[in-house]
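The structure under discussion appears below in the form of structure tokens.
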Amino acid sequence: MDAAHFVIPRRLDDPPQLFLWDADEAVLFLFLALLGALLGQAVAGIVLAWLVGRAFARVKAIGGRGIVVRWLYWHTPSAWWCRARAASHVRERIG
């Protein structure tokens with residue numbers, strides 16, 4: 001195999017990639033495209049998947065890789081993720 005087929009990250013902390021996409025963007029795109037195909041709307045699914053993938057990539061570029069996790073942490077009920085965690089108004093004081 002030729003070395004040009006492998007994607008080698010430029011920096012050590014770069015995210016894993018699937019072809020030329022970051023892995024999380026690729027999984028989101030593929031999931032929505034397959035969901036559209038399963039529902040009988042393949043073209044609409046691919047268009048929606050592309051739009052959502054591009055929006056997700058832009059959000060990640062603005063706020064870093066952890067912005068989605070931080071958003072979920074602060075804007076969803078604590079009981080959804082971990083029952084032992086404090087409520088968001090208490091977490092704000094704790095840090």
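Here are a few things to note about the model shown:
- Scanning region 44-77 for residues that are among the basic types (Lys, Arg) and touching a residue at least 24 places away in the same chain (Cβ under 8 Å) gives Lys60, Arg65.
- Output for region 19-34, where each listed residue is at pLDDT below 80 and over 12 Å from the mean Cα position of the chain (by Cα): Phe19, Leu20
- Qualifying residue in region 42-53 (condition: out of contact with any helix residue (DSSP H, G or I) (no Cβ under 6 Å at 6 or more places or on another chain), open to solvent by 50 Å² or more (accessible area, probe 1.4 Å) and modelled with pLDDT under 90): no
The values are calculated or read from the model by the stated rules, or taken from the named source; none is laboratory data. Here the structure is a predicted model, which is why all the values come from computation and not from measurement. When we count neighbours, we look across all protein chains shown, and the Cβ atoms used for this are built from the backbone with ideal geometry, even at glycine. Note: areas computed on protein heavy atoms with side chains; ligands, DNA, RNA excluded. Shrake-Rupley method; radii C 1.70, N 1.55, O 1.52, S 1.80 Å.
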